[in-house]
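Colleague: Questions regarding the structure given below will be posed in turn.
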Amino acid sequence: MNRYMDLRVREFKDSGERGFTFIEVVIVIVILSIISSITLYFLVSSIKTYTMMVNQKNLWDEARLALEKMCRDIRDAQQILFPASGTSGNMITFQRSHATFGDTGGETISFRLNGTTLEKVKTSPPVISPLASNISSFRVTREASGNDEITLSISLSLQTGENVLLQTKVYPKNLPVSPTYKNFFNNWQEGMSS
């Protein structure tokens, strides 16, 4: 048995096989480290980009939904109480014409900025409902008398740097008769879709 082991050892030595040198191992480790760091950089960069895009989309959706809700209510206004014609501010107050599922006809409604939250304020019953958060600015501009076009501008931002600015125009449909403004003379009402 001893003789058999000697043959095996001699056979291994004679076959010319040898291991890696220390320098070769170090070079392989350095090359793999460089490749790993480049791969990690692209992975981290991709994750940051994805997170930024998700945050941006969430801000966009929140702003779009808030503007849509405000436009639907303002379109049904029979009287704009604030801001006055030709001025602007960070809130709008109006009296709606028709009742909806959540509001009564003739009710006074305001949309205002409170800190970083955009709120809907109703008078009867008195209710304050948040519409959107992370608001950095909210601006309402009412055109000069006779036109009553209302421009709503809303800006949302996060501390991580993402921000969104949306702007839209809305035309109240039920304002009193005006010789220069097209309206529906208090006959416009948004219907339920089927």
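The values are calculated or read from the model by the stated rules, or taken from the named source; none is laboratory data. Quantities reported herein were computed from a predicted structural model and do not represent experimental measurements. Please note: Cβ atoms are built from the backbone with ideal geometry, for glycine as well, and neighbour counts cover all protein chains shown.
Colleague: Mind telling me which of the residues L40, L7 ends up being at pLDDT 95 or above, farther than 26 Å from I128 by Cα and either among the polar types (S, T, N, Q) or assigned to a helix (DSSP H, G or I) (or both)? Break it down into steps so the answer makes sense when it comes.
Modeller: Details: L7 fails: at pLDDT 95 or above.
Criteria check complete, one pass: L40.
Colleague: Could you give me the residue pairs with C-beta distances under 8 Å whose first residue belongs to segment 151-178 and is without any contact (Cβ under 8 Å) to a residue 40 or more places away in the chain, whose second residue is surrounded by fewer than 20 Cβ atoms within 10 Å (Cβ to Cβ) and of a type in the set (F, W, Y) wherever it lies, and which are 6+ apart or on separate chains?
Modeller: These pairs meet every condition: V177/F185.
Colleague: Does S85 satisfy being on the phi < 0 side of the Ramachandran plot, of a type in the set (G, A, S) and in a strand (DSSP E or B)?
Modeller: no
Colleague: Let me ask something else about it. Considering segment 74-110 alone, what residues qualify as being closer than 17 Å to E143 by Cβ and over 26 Å from the mean Cα position of the chain (by Cα)?
Modeller: A77, Q79, I80, L81, F82, P83, A84, S85, G86, T87, F94 - these are the residues of segment 74-110 that are closer than 17 Å to E143 by Cβ and over 26 Å from the mean Cα position of the chain (by Cα).
Colleague: Moving on to the next point. Filter segment 121-150 down to residues that are part of a strand (DSSP E or B) and without any contact (Cβ under 8 Å) to a residue 60 or more places away in the chain, then give me how many there are. Step through it out loud before you land on a result.
Modeller: Initial filter on segment 121-150 (part of a strand (DSSP E or B)): 121-122, 127-132, 135-142, 150.
Checking the rest, the ones that are also without any contact (Cβ under 8 Å) to a residue 60 or more places away in the chain come to 121-122, 127-130, 135-141.
Summing the residues that are part of a strand (DSSP E or B) and without any contact (Cβ under 8 Å) to a residue 60 or more places away in the chain in segment 121-150 gives 13.
Colleague: Right, next: Out of all the residues in segment 121-162, which are within 22 Å of the chain's Cα centre (by Cα) and among the basic types (K, R)?
Modeller: R139
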